[in-house]
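J.: One structure coming up, written as structure tokens, with questions to follow.
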Amino acid sequence: MNKIGIFGIILLSLVFHTTNAQTYIKGILLSSDESPIQGASIQIERSKSLTFSDHEGRFEIRTGNLKDSLYIRHLNYHPIKVAISAFKDTVLKIYLSPLDQNLDEVVISSGYMSIPKERITGSFEKVDQKLASRSTSGNILRRLEGVSSLYFDSRSGTSGISLRGRSTIMGDANPLIIVDGFIFDGDPNSVNPNDVKSITLLKDAAAASIWGARASNGVIVIETNKGRLNQEPQIDFTSTFTAGQRPDLYYDPILESPEFIEVERFLFGKGFYNSSLNNQRFPVVSPVVELLNAQRLGMLSNQEVEKRLTVLSNQDVRKDIDRYFYRNRIIQQYALSYRGGSSMYTYNISAGWDGNQEELKANSNSRLTLMIATTFKLIKNLTIETQVAYSSSKKNRNNSVSEISPTGKSLYPYATLADETGNPLPLEKDYRMAFLDTVGKGRLLDWSYRPIEEMNLADNTSELQNLRMNVSARYTFLKNFNIEIRYQNESQHDGKRQHYSEATYTARNLINRYTSYSSNGLTYAVPRGGILDLSNERSISHNGRGQLNYNINWRKIHNLTAIAGSEIRQVHRGGNITRTYGYNDKTLVFGNVNYTDLFPIYHNLSASQRIPNPNDFTDQMYRFVSFYANTAYTLYNRYSFSFSSRKDASNLFGVNHNQKGTPLWSSGLGWDISKEAFYKVKRIEYLKARISYGFSGNVDNTMSALTTVAYYSNAPLSGYDYAMVRNPGNPDLRWERSGMLNAGVDFSLVRNLLSGTLEFYQRNGTDLIGQAPIDPTTGVNANASFLYKGNVAHMKGYGIDADLHLKLVLGKVYWESDLIFGYAKSKITRYLASSTVASAYVNLGMTVSPVIDKPVYSIFSYKWAGLDPATGDPRGYVEGKPSTNYTAILSGDPATLKYHGSALPTIFGAYRNTFTIKRLSVSANLLYKLNYYFRKSSINYSSLMSNWKGHKDYTKRWQQPGDETFTNVPSLIYPNNGNRDVFYSGSEVLVERGDHVRLKDINISYQLSKFRIYGMIDNLGIIWRANHSGLDPDFFNGGIPTATSFSIGFKTTF
Amino acid sequence: MRNLIYFLLATLLFSCREYLDVKPDKKLVVPSDFLEAQSILNHYLFNIGYPGFGEVASDDYYLETTDWQAAGTIAEKNAYLWNPDVFNASPRNDWSFTYEKIYYANLVIDGIEQGSITGSCDLVKNDILGQAYFFRANSFYSLLQLFSKHWDSTSASKDLGVPLRLTADFNVKVGRSSVEESYNQLIRDLSNAVNLLNETTTAKTRPDRQAALALMARVFLTLGNYKEALIYSDRALTIRNELTDYNELNATLAFPFAPLNKEVIWHSTLNTPRILYAPTLKISKELLDLYSQEDLRLSLFFLDNSDGSKSFKGSYNGSSVLFNGLSISELYLIKAECLVRLGLEEQAKETLDILRAHRMKNNLNSVSSKLESSDLLELIIMERRKELLFRGLRWTDLRRLNKIPEFAKVLERKIGNETFTLRPDGDRYVFKIPEDVIRMSGIEQN
């Protein structure tokens, strides 16, 4: 644990004792502040005998050959060879240079104060630059996956990260991000990972008591590079090139063309499409239905229809989609930095550029980052620091594969996007193709939709700029005091531009719809020309802080660090969306529209409508005032005590002034047992125990005690402004409260062979804000689902975090093995007003299913009684008997449901092995997620019929009596029963274990003196899974697993 | 130094209050003045989404078996066949939508009564309160048509009405009142509205006094109180009585009637299930046969489907979404019916003639002057059916006319070879309350 060195100066003192032919060499490794260096390996070159320095830096080794040399190695320093003869009977000082100039004593920074890790009582986890640069991702948070205890929920449709599971039900579960001492309001993507010096995770109650209510899910403290006083100028240059494979579109279990056509023919025969075919509004019908209709009307012969259907059934649109919409992903990253310092000032200047050609054709993004950080020591007691960081991220979003399907439907699998020669072909979008062919009579703009053309015409760009400036002054006085004033201004501007030229379908469709024809000719309510949508979002935050620091180290017995301060913070967000019709990008002319009147829609395709007006404005202002105090006291370098507390007040709406703030606190004790005189366990060189407890609160700022309404413009018909209830007043609204206990040990044993941290935590949340169904008769309609939000739940959570490092030298191979282990369990202990209907609890595990004594996210299912042998109907249980009364099953007692388990892994983490042979290092990282369940998708006949969304399970459906012995897929029936689909989708036969192990990456690097070259293979895929369906549990319900990518790059320092 | 810290802290604390009183979002308010209360009542929810399943269960249309089979929701399928399981598939249904309107109205009524919404102008206050009372009354009335038995003076004090939620506080529990109490409450609300509302308003999405009077007439007709219904329809017609001459309309339009047209007193629409759209909705032959060839409504109300059947395009909403607001034409029909029931045949004929003149080619008014009283009543009721179709009124008319043996009717549906019937005294004239409501509130099911 104690691999400590200050500025890389190592004092090596060796004392020789000679006995017989053997020589004992004894020594101590110390750093400049006389703290010992632990865990260095000392090897005699020829005899290969080996030892390690202990926690006091001592080592002892025996040699028979005085001409031999010592080879001293430490993970963080350049290895050094020392001839034994060179210091016979003398004390030799050897200066080692650290591998990384930034290497510091392991100091934990909470963002407000930094203290050595030995004095910590709470749960802090540090990820250093080396570990964070193992991954080549351009996103700093992504780089933490697999190297920290941060959990990434990568199930389709989610992108949350969390520390120690969920502590909240409704609220945002993402940890708070701090960059250089202030809350970061911007997009985490605008931080260049190459600028990051270290990352600290705050996991226990101290997070909130230090950073306030918003930090109750933990905090990620990011510190960027700075220059150091008296540092030689240093230039770093990094470049990485990444190429990614195309995603496997065939992973998606769609219903393929022959079966899809079979279903369409079946439905056609039943008259399912009659109302669409007769509809004067001409809704989309598929080519197969169109063919069958032509056959029915006698317009096509039976042979001709069969011939065409055969052609269609041999087509697979995924081939075209892959060909025309996807490509290999290519990323380039470059980063350059220059830093150094004199006795008066320091500087760090860096620049980075990333370019990403995305796997979706015509989509790309790039990022430019610039940063300048300086420190001036103006007079003896006054230090001024300044920092300016700028980033600009540009995006092109022109790929249109997500819009390829007809509105409200999935694309039929036999579609073709281009003919043999590659000419784009039209697809159905909003109306029936046969109608579009004749409707215009040459008067209208072409009304067909050609997906490939749309991609080439698309002109959608965005730029996100983030500028962060901060300045701080620190004045030292009375020896142990200093006062610090800091100010930061962060502004972010996100500008989006979507230009639909007149050639695009979006513009043509809108113009055509609002065209009217009379004897006088055509009139265009939506003017000819393009449509330009501009949106701007601005956020400006001001942060000010005044802080008094006190630091005393008295006779090396008492060591006290105390800070107190206050903080003021304002975040102002504003935005607008504007649309311009009739826009011409070449001449910048534009047209006028009438937003007030109703216009008839061409060919009576719908009732008269107004011209769409998406204009919108937003203006939000959040203010916070906080007071805080933190202290850390250590006695005899052994006993540590810490206390922190904070009170936040904000301009929360609809809450009385005195209810706007709440005090948060945490306190902890630490005890370095191995420093005690009585401690005699030789094998465990270092052992520290610590415990902390704290109390935090949180409030959902979308809620208030008073009824609030939100204003909207242009009510339909009247055009009046109107107000909608945003938040039904809840006089009983209280703060969420949560207490967290954390107990841990840090240890290192057998000469640092194994070191690590073990932590146990328990969390008790009361009055958590959740949604509860409310009697619709009250009329309260939050989010249109008759749920109300309130303090409805109590929750208990506990878990174990472990972080183990094994270091071994096997001959020439240096082996490091790192295990990150997380165990997190939570259960709801009380929930007011839960739903009494079974179906309210059956979901995909991404929404809350509140059941007492069960996790917040759980998988419940309907019990399965097999398929009905006579009909192939899926059966559940009603009053203990097999039944097909789906209404009764769905609305049954929730207690009849089968509980599988948590929908989130309760055991998760990473296992990383690194082998270093001289300068070559190879490392592989496994991610594991265990002990959870997921619900896989299957055929849903309602979706198949109405939305054309099929599933290959259709081919396994029950077709005749006897099939029920080998399949659980229900038969196809007509008319369909929607509840039958709901039951089957939620039944236990579709629940699988989610446990899996994934080979996240393999990393190879080779270190030359000032030059490191590395290669990386990312996302190698699953190597073990519990489910037998071959599914990736992160992509079980639509979505395609991330493809493997390959990177190569180098870093040089000179 | 310590003094400096104290000073800094004190300054911060002192200015803290003002600093934190800034509104976090300019779009958000806690309603406190009349303008804000009016904005709540401007919400379009008061103009859309009134209970529509009565229309699904009514007899002015039929579905082809294939279309019934292909229907999107179980609610539509079941309501069409008068099966009881209609409102259980989704919490977003006729019950909850209507109680949401009551909640919004109660927000304003509570706010003004409890003094959290204040202002200086009593005229404005009265008008706002009047609107809120109107909306609440109309919502209670709509609910009673679906979820309670039809008014019967012999049992109204025992028949189950609807929960009368008179406050926005969702912690208050309310059980079901009797049908009598329910109507008493909504009539009280409506009389308040009549007294408080402005005579005219700026937009027909907002009720004015005429709207309250017209609704009062509708309610009293439902109750069979023809005297009161006549008084209120008369009072309403003295404010404005202009009808649209259908000769001036263009029947080739997809929807010949513009929203908020001249005849509309107050605009609202039904929660219109998809099967009531063209072309699945097919007008029953029995209804089509009632129209003479001179009747302009034949071409203005009905859309020709490609299979020879007809769908409906006559909504005063100018779309497939059905209008169920108040109109001048309804007032004429209420008035005519009340007159004949009160024995004033001549005046009844005159009233009917005014309406018919606006509906027939060349403004023919063809009511013979030699009709018997009972034939005249039948004629007026037939005229009512021809004029006020797909306005959510037919269901109530079926319920009230079933009480009169001559008008009572057995409804029939055919799906495949199966026939379903609803007898005049059938239980299914009262819809089941959604099961989730029953479970959560503990109120009695029908």
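The values are calculated or read from the model by the stated rules, or taken from the named source; none is laboratory data. Note that the structure is a prediction, hence the values are computed from the model and not measured. Glycine also receives a Cβ, built like all others from the backbone with ideal geometry; neighbour counts cover every protein chain displayed. All accessible areas refer to the heavy atoms of the entire protein, side chains included, with ligands and DNA or RNA removed. Shrake-Rupley method; radii C 1.70, N 1.55, O 1.52, S 1.80 Å.
J.: Amide H of A:GLU145 versus every other amide H placed in the peptide plane: which residues, excluding those fewer than 5 positions away on the same chain, fall under 5 Å?
T.: Here nothing satisfies the definition.
J.: What residue among B:PRO434, B:VAL194, B:GLY314 has its Cα farthest toward the positive end of the dipole of chain B, where the charges are +1 on Lys, Arg and -1 on Asp, Glu, each on the Cβ?
T.: The Cα lying farthest towards the positive end belongs to B:PRO434.
J.: Tell me, which residues of region A:832-851 get at least 30 Å² less accessible area when the other protein chains come in, versus the chain alone (1.4 Å probe)?
T.: By number: A:THR836.
J.: Could you tell me which of the pairs A:LYS319/A:LYS395; A:LYS126/A:LYS688; A:LYS929/A:LYS949 are separated by over 19 angstrom between their Cα atoms in the structure shown? Intermediate values should be presented prior to the final figure.
T.: Working: A:LYS319/A:LYS395 27 Å; A:LYS126/A:LYS688 17 Å; A:LYS929/A:LYS949 30 Å.
Beyond 19 Å between Cα atoms: A:LYS319/A:LYS395; A:LYS929/A:LYS949.
J.: Let me ask something else about it. Scan around B:LYS27 for amide H atoms under 5 Å from its own, H built in the peptide plane at 1.01 Å from N, and keep only partners 5 or more places away or cross-chain.
T.: Under 5 Å from the amide H of B:LYS27 lie the amide H atoms of A:ASP619, each far enough along the sequence or on another chain.
J.: Another question, then. Taking each residue of B:45-52 in turn, how many C-beta atoms of other protein chains fall within 10 Å of its C-beta, and what is the average?
T.: Values: counts 5, 2, 4, 2, 0, 0, 0, 0.
Across the residues of B:45-52, the mean count of other-chain Cβ atoms within 10 Å is 2.
J.: Can you run the Rg to Rh ratio on region A:386-513? Use alpha carbon positions and the Kirkwood inverse-distance Rh.
T.: Values: Rg = 26.2 Å, Rh = 19.1 Å.
The Rg/Rh ratio comes out at 1.37.
J.: Considering only protein heavy atoms and a 1.4 Å probe, what is the carbon-and-sulfur percentage of the accessible area of the protein assembly as shown? Mind dumping the intermediate values first?
T.: Numbers: 33540 of 61920 Å².
Answer for the protein assembly as shown: carbon and sulfur cover 54 percent of the accessible area.
J.: Compute the convex hull volume of the Cα atoms of chain B, divide it by the residue count, and report the result per residue in Å³ as a whole number.
T.: 184 Å³
J.: Take every residue in peptide A:967-978, count the Cβ atoms of other chains within 10 Å of its Cβ, and give the average of those counts.
T.: On the way: counts 0, 0, 0, 0, 0, 0, 0, 3, 8, 2, 2, 7.
Mean partner-chain Cβ count within 10 Å for A:967-978: 2.
J.: PRE reach from A:ASP597 (point 7 Å along Cα→Cβ): which of region A:494-521 fall under 16 Å by backbone N?
T.: A:514-521
J.: Label point 7 Å out from A:ASN576 along Cα-to-Cβ: which residues of region A:710-751 have amide N under 18 Å?
T.: Hits in region A:710-751 for A:ASN576 at 18 Å: A:712-714.
J.: Using the Cα atoms of region A:478-591, I'd like the radius of gyration and the largest Cα-Cα distance, Dmax, both in angstrom.
T.: Calculated on Cα positions, Rg and Dmax stand at 29.4, 101 Å.
J.: Report the local net charge at B:ASP234: Lys and Arg +1, Asp and Glu -1, summed over other residues whose C-beta lies under 15 Å from its C-beta.
T.: Details: positive: B:ARG209, B:ARG218, B:LYS227, B:ARG235, B:ARG240, B:LYS335, B:ARG341; negative: B:GLU228, B:GLU330, B:GLU337, B:GLU350.
Computed value for this residue: +3.
J.: What is the packing order of peptides A:196-207, B:197-208, taking the mean over residues of other C-beta atoms within 10 Å and listing the highest first? Display every interim value, and only then the final one.
T.: Numbers: A:196-207: 25.8, B:197-208: 19.2.
By packing density, highest mean first, the sequence is A:196-207, B:197-208.
J.: Next question, about the same structure. Grab the beta carbon distance between A:ASP172 and A:TYR711, set R0 = 25 Å, and tell me the FRET efficiency rounded to 0.05. Present the calculation step by step, with values, prior to reporting the outcome.
T.: Working: r = 25 Å, r/R0 = 0.99.
E(calc), rounded to 0.05, equals 0.50.
J.: Roll a 1.4 Å probe over the protein chains and send me the accessible area per residue for region A:488-581 in Å². Show your work: numbers first, answer last.
T.: On the way: 3960 Å² over 94 residues.
It amounts to 42 Å² per residue over region A:488-581.
J.: Here is a follow-up. Tell me which of A:ALA705, A:PRO728, A:LEU749 sits at the most positive position along the dipole axis of region A:689-755, charges placed on C-beta atoms (Lys, Arg +1; Asp, Glu -1).
T.: Farthest towards the positive pole: A:LEU749.
J.: Right, next: Taking every pair of Cα atoms in region A:829-878, average 1/r, invert it to obtain the Kirkwood radius, and report Rg/Rh to two decimals. Intermediate values should be presented prior to the final figure.
T.: On the way: Rg = 14.0 Å, Rh = 12.7 Å.
Over the Cα atoms of region A:829-878, Rg/Rh equals 1.11.
J.: Something else now. May I ask you to compute the full-extension gain from A:ARG246 to A:ASN764, defined as 0.36 nm times their residue separation minus their alpha-carbon distance, rounded to one decimal in nm? If you can, show how the numbers build up before the last one.
T.: Values: separation 518, 0.36 × 518 = 186.48 nm, distance 4.54 nm.
Result: 181.9 nm gained on full extension.
J.: Same structure, new question: Taking 35 Å as R0, compute the FRET efficiency from the Cβ-Cβ separation of A:PHE481 and A:SER343 and round it to 0.05. Display every interim value, and only then the final one.
T.: Values: r = 23 Å, r/R0 = 0.66.
Between A:PHE481 and A:SER343 the formula returns 0.90.
J.: Taking region A:437-493 as the region of interest, what is the percent of Cα-Cα pairs per 5 angstrom bin, listed from the shortest bin to the one with the maximum distance?
T.: Pair shares across the bins are 4, 11, 10, 9, 8, 8, 6, 6, 6, 5, 5, 5, 5, 4, 4, 3, 2, 1, 0.
J.: With unit charges on the beta carbons (Lys and Arg positive, Asp and Glu negative) and the dipole taken about the Cα centre of the protein assembly as shown, which residue among A:SER239, A:PHE983, A:ILE44 sits farthest to the positive side?
T.: Sorting the options by dipole projection puts first A:ILE44.
J.: Please report the buried accessible area for the interface of A with B, total over both chains, probe 1.4 Å, in Å² to the nearest 100.
T.: Values: alone 47860 and 20830 Å², together 61920 Å².
For chain A against chain B, roughly 6800 Å² becomes buried.
J.: Please give, to one decimal in nm, the separation of the simple spin-label points placed at A:SER366 and A:ARG62, each 7 Å out from Cα toward the Cβ.
T.: 6.6 nm
J.: Based on the Cβ-Cβ distance of A:TYR71 and A:TYR24, what FRET efficiency does E = 1/(1 + (r/R0)^6) give at R0 = 25 Å, to the nearest 0.05? Before the final figure, lay out the partial values.
T.: Numbers: r = 18 Å, r/R0 = 0.71.
Once the sixth-power term is evaluated, E becomes 0.90.
J.: Going 7 Å from the Cα of A:THR407 along its beta-carbon direction, which residues of region A:414-434 have the amide nitrogen within less than 18 Å of the resulting point?
T.: A:427-434
J.: With runs of 4+ DSSP H residues as the only contributors, calculate the mean residue ellipticity of the protein assembly as shown at 222 nm using -39,500 (n - 2.57) per run, divided by the residue total and rounded to the nearest 500. List each step's numbers first, then the result.
T.: On the way: 29 runs with 297 residues, N = 1500.
Taken over the protein assembly as shown, the calculation gives -6000 deg cm²/dmol.
J.: What is the ratio of the Cα radius of gyration of region A:775-856 to 2.2 N^0.38 Å, with N the residue count, to two decimals? Could you put the intermediate results ahead of the total?
T.: Working: Rg = 22.1 Å, N = 82, 2.2 N^0.38 = 11.7 Å.
Cα Rg divided by the expected 2.2 N^0.38 Å: 1.88.
J.: Here's something else I'd like to know. Below 13 angstrom from the Cβ of B:ALA212, what's the summed charge of the other residues (Lys, Arg +1; Asp, Glu -1)? If you can, show how the numbers build up before the last one.
T.: Values: positive: B:ARG136, B:ARG188, B:ARG206, B:ARG209, B:ARG218, B:ARG235; negative: B:ASP127, B:ASP189, B:GLU199, B:ASP208.
Local charge sum for B:ALA212: +2.
J.: Roughly how many whole Å is it from the C-alpha centroid of region A:1023-1048 to that of region B:301-345?
T.: After rounding, the separation between the Cα centres reads 59 Å.
J.: Helix A:257-269 versus the longest principal axis of chain A: what angle, 0 to 90°, nearest 10, using Cα atoms?
T.: That works out to roughly 40 degrees.
J.: Which helices count as membrane-span-like in chain B under these terms: full DSSP H, at least 27 Å along the axis by C-alpha, Kyte-Doolittle mean of 1.6 or more?
T.: On the way: long enough: B:94-114 (29 Å, -0.26); B:122-147 (37 Å, 0.33).
Qualifying helices: none.
J.: What does the charge add up to near B:PHE420, with Lys and Arg as +1, Asp and Glu as -1, over the other residues with Cβ less than 13 Å from its Cβ? Walk me through the intermediate numbers first.
T.: Numbers: positive: B:LYS77, B:ARG413, B:LYS414, B:ARG423, B:ARG428; negative: B:ASP59, B:GLU412, B:GLU418.
Combined, the nearby Lys, Arg, Asp and Glu give +2.
J.: Accessible area drop of at least 40 Å² (1.4 Å probe, protein heavy atoms): which residues of region B:22-39 qualify, relative to the chain alone?
T.: In region B:22-39, residues shielded by partner chains: B:VAL22, B:PRO24, B:ASP25, B:LYS26, B:LYS27, B:LEU28, B:VAL29, B:VAL30, B:SER39.
J.: Still on this structure, please answer the following. Please calculate how many Å² of accessible area chain B carries per residue, with a 1.4 Å probe and no DNA, RNA or ligand atoms counted.
T.: Numbers: 17420 Å² over 446 residues.
Value returned for chain B: 39 Å² of accessible area per residue.
J.: Let me ask you something else. Extending each Cα 7 Å along its Cβ direction at B:THR73 and A:LEU534, get the distance between those two points in nm, one decimal.
T.: 4.2 nm
J.: Considering every Cα-Cα pair within region B:166-271, what fraction, in whole percent, is farther apart than 22 Å?
T.: Numbers: 2602 of 5565 pairs.
The answer is 47 percent, as a whole percent.
J.: A follow-up question, please. Do you know which residues of region B:99-145 lose at least 20 square angstrom of accessible area in the protein assembly compared with their chain on its own, with a 1.4 angstrom probe?
T.: B:TYR99, B:GLU100, B:TYR103, B:TYR104, B:LEU107
J.: Something else now. What accessible area per residue, rounded to a whole number of Å², is obtained for region A:889-993 using a probe radius of 1.4 Å? Don't skip to the end; give the middle numbers.
T.: On the way: 4100 Å² over 105 residues.
Heavy-atom SASA per residue in region A:889-993 reads 39 Å².
J.: So, in Å, what gap is there between the alpha-carbon centers of region A:894-924 and region A:120-180?
T.: That distance is 15 Å.
J.: Against the longest alpha carbon principal axis of chain A, how many degrees, from 0 to 90 and to the nearest 10, is the axis of helix A:287-296 turned?
T.: 20 degrees
J.: Using Cα centres only, tell me the gap between region B:96-137 and region B:264-287 in whole Å.
T.: 31 Å
J.: If you place +1 on the Cβ of every Lys and Arg, -1 on the Cβ of every Asp and Glu, and leave all else neutral, what size is the dipole of region A:824-963 about its Cα centre, to the nearest 20 Debye? Don't jump to the answer; show the numbers that get you there.
T.: Numbers: 18 positive and 7 negative charges, 181 e Å.
Computed charge dipole of region A:824-963: roughly 880 debye.
J.: Right, next: How many percent of all Cα-Cα pairs in the protein assembly as shown sit more than 48 Å apart?
T.: In whole percent, the share of Cα-Cα pairs in the protein assembly as shown beyond 48 Å is 48.
J.: Please give the charge dipole size of region A:931-1003, origin at the Cα centre, charges +1 on K and R Cβ atoms and -1 on D and E Cβ atoms. Round to the nearest 20 debye. If you can, show how the numbers build up before the last one.
T.: Details: 10 positive and 8 negative charges, 45 e Å.
Taking the Cα centre of region A:931-1003 as origin, the dipole is about 220 debye.
J.: What does the highest-first list of B:390-396, A:336-342, A:885-891 look like by mean Cβ count within 10 Å?
T.: Values: B:390-396: 22.7, A:336-342: 17.7, A:885-891: 20.0.
Peptide ranking by packing, descending: B:390-396, A:885-891, A:336-342.
J.: Dipole magnitude of chain A about its Cα centre, charges +1 at Lys/Arg Cβ and -1 at Asp/Glu Cβ only, in debye to the nearest 20? Show your work: numbers first, answer last.
T.: Values: 116 positive and 95 negative charges, 597 e Å.
Dipole of chain A, to the nearest 20 debye: 2860 debye.
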